[in-house]
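Note sheet for the following structure.
Where a number appears in this text, it was derived from the coordinates with a stated rule and is not lab data. It should be emphasised that the depicted structure is a prediction, and the values quoted were computed from it without experimental measurement. Neighbour counts run over all protein chains shown; Cβ positions are idealised from the backbone, glycine included.
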Amino acid sequence: MTAQPPSISTTATAPGTGTLVDGTLADLLQAVRACRVCAAHLPHGPRPVLQAGAGARILIVGQAPGARVHANGVPWADASGDRLRAWMGVDETPFHDPERIALIPMGLCYPGRGASGDLPPRPECAPLWMDALLAKLPRIELTLLVGLHAQRRFLGKLRQRTLTDTLRSWQHYAPTFFPLPHPSPRNTPWIQAHPWIEHDLLPALRLRVHALLER
Ligand code: SF4
């Protein structure tokens, strides 16, 4: 069974302005970066952090920026990003080229910290922006689903009962989707306890990534 990409719409309304964003990807990114819809819930204020170019063949859907990415404004410029790039077998150059790789988390702004780490992505965000962004990325052939929130959004009912079961079933979703655990250093013990991630899933991911980047 191969998972299909979700249906997508072609327009978006710029929150707070009532303006229909039906132009270029640059127009949409400008509207996204001006978004303030859930500012009242963001303890550090809005700062949408994403990367996208119309030529991208690979999309990485993460959870939400952490404190370091909120401060530097560069997606995945933190320890989690270092590990994700190692998993993919790529360095900073292709990773941060928006015409090769799009980086769009489920929540575009840092949600702040809760009792047990960073809070989940703001629930308003993906319903507002994800479909509109996907509609401007027609060449995506591979989507990395990093963490539970991205897997819920993109796999829907095809997701397994637990995140572990979904990852174990990665061959059901490949080559269109690759579900991954979050690469945060906090997850290191869990990742080490599931060595098939390193031995089976990641080599297949690297092959797929390099096949697309080398085209
Ligand atoms: S998290 Fe999303 S919805 Fe909230 S202000 Fe940032 S871009 Fe807008």
Which of Pro123, Pro175, Pro105 moves most in a GNM of the chain, Cα contacts under 10 Å? Pro123
One would report the antiparallel percent of DSSP beta bridges in segment 12-213, rounded to the nearest 5, as 35 percent
Once amide hydrogens are built 1.01 Å from N within the peptide plane, the residues lying 5 or more places from Phe177 or on another chain with amide H under 5 Å from its amide H are Thr143
Calculated Rg and Dmax of segment 12-213 using C-alpha coordinates, Å: 16.3, 49
For Gly81, the net charge from surrounding residues (Cβ-Cβ under 14 Å; K, R +1; D, E -1) works out to -1
Just to be sure I understand: with springs between alpha-carbon atoms less than 10 Å apart, which residue in Gln51, Gln151, Gln30 has the highest mean-square fluctuation in the Gaussian network model of the chain? Gln30
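When a footprinting reagent is the concern and you count Cβ atoms within 10 Å, what order do Thr166, Thr24 take, fewest first? Before the final figure, lay out the partial values.
Values: Thr166 22, Thr24 11.
The order, fewest Cβ neighbours first, is Thr24, Thr166.
When Lys136, Lys157 are ordered from fewest to most other Cβ atoms inside 10 Å of their Cβ, what list results? Intermediate values should be presented prior to the final figure.
On the way: Lys136 22, Lys157 5.
Arranged by neighbour count, lowest to highest, Lys136, Lys157 become Lys157, Lys136.
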Suppose the chain between Ala67 and Ala211 were pulled fully straight at 0.36 nm per residue; how much longer would it get relative to their current alpha carbon spacing? 48.5 nm
Using θ = phi - 60° and the Karplus form 6.51 cos²θ - 1.76 cosθ + 1.60, what ³J(HN,Hα) does each residue of segment 179-195 get, whole Hz, x for Gly and Pro? x, 9, x, 6, x, 4, x, 4, 8, 4, x, 5, 5, 5, 7, 10, x
Residue order, fewest to most surrounding Cβ atoms within 10 angstrom, among Glu92, Glu214: Glu214, Glu92
